[in-house]
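The values are calculated or read from the model by the stated rules, or taken from the named source; none is laboratory data. Since this is a predicted model, take the numbers as computed values, not measurements. Heads up, the Cβs are rebuilt from the backbone with ideal geometry, glycines too, and the neighbour counts pull from every protein chain shown. What goes into the accessible areas is simple: the full protein's heavy atoms, side chains included, and nothing from ligands, DNA or RNA. Shrake-Rupley method; radii C 1.70, N 1.55, O 1.52, S 1.80 Å.
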Amino acid sequence: MEFRQIEKETGIQTVKMKDIRSATGPDRDQWRLAMQAEVDSLRDTGSFEVVSQTDAKRIKYADILPMKLVTGIKHDAATGQTKKKVRAVVCGNFQPEQENEELYTANADITSVRAVLAAAANQRMNIKVFDVKTAFLNASLPDSFEAVHVRPPQ
């Protein structure tokens, strides 16, 4: 119940791929443009290289990570308009762990988030959320970072 409320407040409504595949006319064109914008964004940041068929044959199938599309419609309460949103994501949970692997993501634990929200509510403060487009893709990686092979979504 809480998730649905947050979803309505942020204005994002998820859309299933089967619904997108069955879309027609201008609706289908809007989805195609949203998907193209995501591909262009990945290309513009230099996030991927296309591997030749010869090189692809040398890669074990199990080492190729799947990708999927996350799709939704964002409602802008101020303008009353909607926008199709598409993000391509790599299913990193399929990547095997390496020896001595250290993973770190700067995420706040849920207890800290709840404490901040409780304090803000108690003092009647406003809380805002913002998104930086392709934030992770704009970060530079160390030269020692291993190549990740992915299979684009259907």
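Some observations on this one:
- Residue, farthest from V86 (Cα to Cα), within the stretch 136-154, restricted to residues that are open to solvent by 80 Å² or more (accessible area, probe 1.4 Å) and modelled with pLDDT of 85 or more: R151
- Residues of the stretch 28-53 that turn out to be in a helix (DSSP H, G or I), open to solvent by less than 90 Å² (accessible area, probe 1.4 Å) and under 29 Å from S140 (Cβ atoms), as a count: 9
- If you go through the stretch 98-113 and keep only what is surrounded by 10 or more Cβ atoms within 10 Å (Cβ to Cβ) and either modelled with pLDDT under 70 or among the hydroxyl-bearing types (S, T, Y) (or both), you end up with just S112.
- Top-ranked residue of the stretch 87-97 - restricted to ones that are in a loop (DSSP other than H, G, I, E, B) and free of Cβ contacts under 8 Å to residues at least 40 places away in the same chain, ranked as surrounded by the most Cβ atoms within 10 Å (Cβ to Cβ): C91
- Residue in the stretch 63-86 that is modelled with pLDDT of 75 or more, farther than 30 Å from A23 by Cβ, open to solvent by less than 80 Å² (accessible area, probe 1.4 Å) and outside any loop (DSSP other than H, G, I, E, B) present: yes
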